[in-house]
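One structure is given below, encoded as structure tokens.
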Amino acid sequence: MDNNISFSKIVATPTLNSWSQAYNAGKLFAVLSLEKTTELPQDIESLNILGKDLLERLEQEFFTIVDKNLESIKTAISNTFQNKVEGVNYSFCGGAFVNNILYLFGLGEGIAFIKRGDSLGVALDYKDSSSKDVVASSGFLKDNDLIVLATD
């Protein structure tokens, strides 16, 4: 199953007040959206740069983990988002595929769906844009499972 992972993305067009990106590197998948609620601090040029820096930090945190499991990946994601910028709403949904286990993580507001056969279900649902805590779930994947990661 490891060799048959496909990835597709649909993202909204960025505006002056919002930015989003779908990201994939190896067996790490993520969607990130940022929404400006007040003026950005002077040291932050744009949501675009902030978002790309966060995804780069996520990649660095994730790929330095020796033993990838639910807790170690959750810690890496928490480290990535530990210094949130005031006046920006963060929505993140990510997944990592390790040894036929899908680990899902969320921060802010979003949802992860799973379609298995004719059934559609929710694998992760989180709705607290003010929370700094990463929520997580995990489970074994089967052939032909379809996973959809979505932010608010």
What are the residues whose amide H is under 5 Å from the amide H of Ala123, where those residues sit 5 or more places off or on another chain and H is modelled from the backbone? Ala112, Phe113, Ile114
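Which of the trypsin sites (Lys or Arg not before Pro) found in segment 53-152 are loop residues per DSSP with 15 or fewer other Cβ atoms within 10 Å of their Cβ?
On the way: sites: Arg57, Lys68, Lys74, Lys84, Lys115, Arg116, Lys127, Lys132, Lys142; in loops: Lys68, Lys84, Lys132, Lys142.
When the trypsin sites (Lys or Arg not before Pro) of segment 53-152 are filtered for loop state and at most 15 Cβ neighbours within 10 Å, Lys84, Lys132, Lys142 remain.
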Starting from the amide H of Gly87, placed 1.01 Å from N in the peptide plane, find each other amide H under 5 Å away whose residue is 5 or more places distant or on another chain. none
What accessible area per residue comes out for the chain, rounded to a whole number of Å², with a 1.4 Å probe? 59 Å²
Computed accessible area, Glu56, all protein chains, 1.4 angstrom probe, square angstrom: 110 Å²
Per-peptide average of other Cβ atoms within 10 Å, ordering 37-47, 19-29 highest first: 19-29, 37-47
As I understand it, the value is the acute angle between the Cα axis of helix 70-80 and the longest principal axis of the Cα atoms of the chain; what does it come to in degrees, rounded to 10? 20 degrees
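If we count every other residue with Cβ under 14 angstrom of Thr38's Cβ, Lys/Arg +1 and Asp/Glu -1, where does the sum land?
Residues close to Thr38 contribute a combined charge of -1.
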Solvent accessible area, Å² - Val85, 1.4 Å probe, full protein context: 20 Å²
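Add -39500 (n - 2.57) for each DSSP H run of 4 or more in the chain, then divide by its residues: what number comes out at 222 nm, to the nearest 500 deg cm²/dmol? Let's see the in-between values first.
Details: 2 runs with 28 residues, N = 152.
Helices in the chain give a 222 nm mean residue ellipticity of -6000 deg cm²/dmol.
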If one takes the longest principal axis of the Cα atoms in the chain, at what angle in degrees, from 0 to 90 and to the nearest 10, does the Cα axis of helix 47-63 lie? 40 degrees
Taking springs between alpha-carbon atoms closer than 10 angstrom, which of Glu59, Glu86, Glu109 fluctuates most in the Gaussian network model of the chain? Glu86
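Starting from the Cα-Cα distance between Gln60 and Asp152, subtract it from 0.36 nm times their residue separation and give me the gain in nm to one decimal.
Values: separation 92, 0.36 × 92 = 33.12 nm, distance 2.51 nm.
The Gln60-Asp152 span can extend by a further 30.6 nm.
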Which of (1) 1.18; (2) 0.96; (3) 1.06 is the computed Rg/Rh (Cα atoms, Kirkwood Rh) for the structure on display? (2)
Spelling it out for Val98: with amide H atoms placed in the peptide plane at 1.01 Å from N, the residues 5 or more places away or on another chain with amide H under 5 Å from its amide H are Tyr103
Sum up the charges of everything whose Cβ sits under 9 Å from the Cβ of Asp145, counting Lys and Arg as +1 and Asp and Glu as -1, but leave Asp145 out. +2
How large is ³J(HN,Hα) for each residue in segment 113-122, as worked out from phi by the Karplus curve 6.51 cos²θ - 1.76 cosθ + 1.60 (θ = phi - 60°), to whole Hz, x for Gly and Pro? 9, 10, 10, 10, x, 9, 9, 10, x, 9
So what are the ³J(HN,Hα) numbers for segment 95-101, from phi and the Karplus equation (6.51, -1.76, 1.60; θ = phi - 60°), rounded to whole Hz, Gly and Pro as x? x, 10, 9, 9, 6, 6, 10
Under-17-angstrom lysine pairs by C-alpha in segment 49-152, whenever the two are 8 or more apart or on separate chains: 5
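Please give the FRET efficiency for Lys9 paired with Asn100, using the beta carbon to beta carbon distance and R0 = 35 Å, rounded to the nearest 0.05. Provide the component values of the computation, followed by the final result.
Values: r = 23 Å, r/R0 = 0.66.
The calculated FRET efficiency here is 0.90.
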Would you work out what percent of the accessible area of the chain, with all protein chains in place, is carbon or sulfur (probe 1.4 Å)? 47 percent
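The values are calculated or read from the model by the stated rules, or taken from the named source; none is laboratory data. Note that the structure is a prediction, hence the values are computed from the model and not measured. Every residue, glycine among them, receives a Cβ derived from its backbone with ideal geometry; neighbour counts consider all protein chains shown. Heads up: the accessible areas ignore ligands, DNA and RNA and are worked out on the full protein's heavy atoms, side chains in. Shrake-Rupley method; radii C 1.70, N 1.55, O 1.52, S 1.80 Å.
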